[in-house]
Every structure is written in C-alpha cells, then in structure tokens.
C-alpha cells in the first residue's frame, strides 16, 4: 500500500520544491503581447494560463503581482496570445527578463511585432498561432476567507485567430506538428508532445 505525503499549504509543504506547479502540469504558456496607452510594446510569458469557454472563445491568465501586461491590458482593454513552440522556447525565455516597462521585449528577444487585424496590439510574427483578444474581465483573486491576493485573473474574448495553414490537416489543427512548448513544475522544466505519446478516447454516444 502506497504512503501519502500530506500537507496544508498554509503550513508549508516540507519538500525541496513546491509540488503544486509540478502536479498541475504540463501547462500551456500564456505568451501575452500588450502595449501601453503610449504605444510601448510588452511581451511576457505566464505559466498560469488556459482556455475557459467555447462560444465565445475566452482565454485567461493569472498575473502574480501587478505586472506590465496587467497594467497595459487594464489601460487599453486588448492583448494577444502567442503560441510558444519548441523552436521559439529560447526566445520566449528571453522575454522573462526582469526589465523596466520602457523595454520592448520584442526587440530584446529578436522577435518581430506583426500588426493584428481586429485589435491594435501586435502579435509575434514568428509564431504559427496567435489569438487577438479583448478584455472581458479582470478579477483580483481572494482567499477562501475573502482576503485579497496579489494576483489578478485576466480573461479575454478571442476576437481574431491566426493559424499557419501548414498546421491544418483536412480542416483539423495538428497539435503535434505545432510543437507546443508546455511548462513543467521544476524551475527549468518544459515539455512538448509527440505522435508516440498520443492516444484517443471518444466520448460515449
């Protein structure tokens, strides 16, 4: 019979590394492009990211602390999500750098901003998939007892989608061919996917 490690987060986990991120993994990366009201571009990755609704499509990410992306989105009401692929992982990592709000992470990482079709915020030209988004909700998280947490959940309605046609096979998006980079739990752990790891389960009729 297996033994279980139990802990209460408020009292500490007692391990070498907090297992929370490792358990909720691998996670898609919220590579968010935004711009200030003055037009200064920002590009930053967020590991707490996912999709939350089909129609209309809504995605969201959590900003731990009031970072530049959050401030820009609150100011303009717009942002883009850019797919991080394995070939783009190193450049994504460069946009993690702790730099001032005046620094353009597109330039810092050697990436090209590409004009979007619906929103004013550009997306990453090198990515094969990008979502143009309009802010739908920005929610400061609270504890179970109602105390405010220094984290904001940013939800955006996807109003424009760009997909490299080479990733569309018979009208179906080829997730494996896109080589998405996925965040793991360790301080430097990332994953991707392969055909060998794929399995299919159809829903009951």
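Just so you know, all these numbers are worked out from the coordinates, no wet-lab data involved. Just so it is clear, the structure is predicted and the values come from calculations on it, not from any experiment. Note that we place each Cβ from the backbone using ideal geometry, even for glycine, and neighbour counts take in every protein chain shown.
How high is the FRET efficiency between residue 125 and residue 16 when r is their beta carbon distance and R₀ equals 35 Å, given to the nearest 0.05?
The formula returns an efficiency of 0.30 here.
For the range 1-31, backbone nitrogen atoms closer than 15 Å to the point 7 Å from residue 145 Cα along Cα-to-C-beta are found at 9-12.
Using R0 = 45 Å, the C-beta based FRET efficiency linking residue 115 and residue 195 works out to 0.80. Between residue 64 and residue 99, residue separation times 0.36 nm minus the direct Cα-Cα distance comes to 11.0 nm.
Estimated purely from DSSP H runs of n ≥ 4, each contributing -39500 (n - 2.57), the mean residue ellipticity at 222 nm for the chain is -3000 deg cm²/dmol once divided by its residues. Using R0 = 35 Å, the C-beta based FRET efficiency linking residue 176 and residue 205 works out to 0.85.
Annotation: average projected area of the range 27-76 is 3.7 square nanometres, based on the convex hull of Cα atoms across all directions. Here the range 25-197 is treated as a sphere whose radius is the Kirkwood value from Cα pairs; by Stokes-Einstein at 4 °C and 1.567 mPa s it diffuses with a coefficient of 78 µm²/s. For the pair residue 2 and residue 135, the difference between a 0.36 nm per residue extended length and the Cα-Cα distance amounts to 43.3 nm.
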